[in-house]
């Protein structure tokens, strides 16, 4: 069978959350005998160049460039209307040609849209005739609701508008899809709260256990070291980084003046870049070729996101590397039960600082953490996906509008 996978980021290299899940879905489907075509938005020339390895692996890949400046202007003018900014910012004039190329020899048997933003493409002719499986991953409109509640005007108004308009679109997508996929039961219930007619199932995130396992030759830092990873222009990550460095980290340094903090991830916002200060032990790395050495040399990880949906891959990766990970309640809510039961949880800067000091001062028990993620291999997490797509492919029912 043939599936068309729609992604808002090229799923290679698998170095960020929105690429990682799609990359493993594609690899798993190919291993199960599916023919996989990929239509991906690309956001710069560097990303577009990464299509080569996917093609070399046997996938047919078409890309469509996103004109960011044009879309931002269009987004500004769209504010009086009811279209989500998410969709406007992901527009590409190259999409029709890319779709025509991938369907020149016929339509696929099923479509896997990786995010609600990509589902908009699946609802257009000619793809609207193909059964759709939508991977919401998490419910984005709920993220905008939370951001709106914690932001000042005008961002509170913009986030509130996005929550309302995107939720209306998510409802339409959930009604149109053969099935909706979510990463956790919490996200599934969030979707059903406003789209009760949706057929929704949980397909969790996995972890490449062998890849993240700390090798024997990797030495830990001689100083107590904490790591926080993520794409650092993503608003919840950037907010967490600033909160961590400005309010949580000073408490750690009072008790452990030699402690070091690595904020590791691509595209740090200006506010995050300003946190780099060796005098207080804070390093902002920017983009790195491989995040694993930063995990392997650390003594603890932290995920202090005040707004979080779904599963935070950064916590799975830290645990697979044998690191204790301190989390906030919103992060804890999305974790697998075995990991949630052992991650220290704190909501205030003071409590997070105390937990970090205890983690840095305690005897290291990597086996406790690696055991908690032992059952989360991607092959297990995605085991149900081929069957769901096959079931979808067997239907040709008209979609409700």
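Below are the figures for this structure:
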{"read-out": "DSSP bridge pairs, the stretch 209-372: antiparallel proportion in percent, nearest 5", "value": "5 percent"}
{"read-out": "Cα-based convex hull, the stretch 98-180, per residue volume (Å³, whole number)", "value": "89 Å³"}
{"read-out": "Folded to 0 to 90 degrees: helix 68-78 orientation relative to the chain principal axis, Cα", "value": "70 degrees"}
{"read-out": "Relative intensity, log₁₀ I(q)/I(0), of the stretch 317-364 from a Debye sum that treats every alpha carbon as a point, q = 0.24, 0.25, 0.28 Å⁻¹", "value": "-0.93, -0.99, -1.15"}
{"read-out": "Euclidean distance of C-alpha centroids, the stretch 1-44 and the stretch 306-342, integer Å", "value": "24 Å"}
{"read-out": "Tail beyond 13 Å, pair distance distribution of the stretch 146-198 (Cα, percent)", "value": "63 percent"}
{"read-out": "For the stretch 132-228, average projected area of the Cα convex hull in nm²", "value": "9.7 nm²"}
{"read-out": "Overall dimensions of the stretch 176-215 as given by Cα atoms, namely Rg and Dmax in Å", "value": "14.6, 48"}
{"read-out": "Overall form of the stretch 105-145 per C-alpha gyration tensor (a/c, 1.5; a/b vs b/c)", "value": "prolate"}
{"read-out": "Cα pair distances in the stretch 209-372, grouped into 5 Å bins until the bin that holds the longest one, percent each", "value": "2, 10, 20, 24, 23, 15, 5, 0"}
{"read-out": "Diffusion coefficient, µm² s⁻¹, Stokes-Einstein with Kirkwood Rh over alpha-carbon pairs of the stretch 1-58 at 37 °C and 0.692 mPa s", "value": "287 µm²/s"}
{"read-out": "Ordering of 330-337, 377-384 by packing [mean C-beta count within 10 Å, highest first]", "value": "330-337, 377-384"}
{"read-out": "Value of Rg/Rh across the stretch 164-289 [Cα atoms, Kirkwood radius]", "value": "1.13"}
{"read-out": "Taking 325, 394 and counting other C-beta atoms within 10 Å, the order from fewest to most", "value": "394, 325"}
{"read-out": "Peptides 42-53, 228-239, 111-122, 254-265 ordered by average Cβ neighbours within 10 Å, highest first", "value": "111-122, 228-239, 254-265, 42-53"}
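Values quoted throughout were computed directly from the atomic coordinates according to the rules given, and no laboratory measurement underlies them. Every value quoted in this text rests on a predicted model; they were computed, and no experiment measured them. Note: ideal-geometry Cβ built from the backbone for every residue, glycine included; neighbour counts use all protein chains shown.
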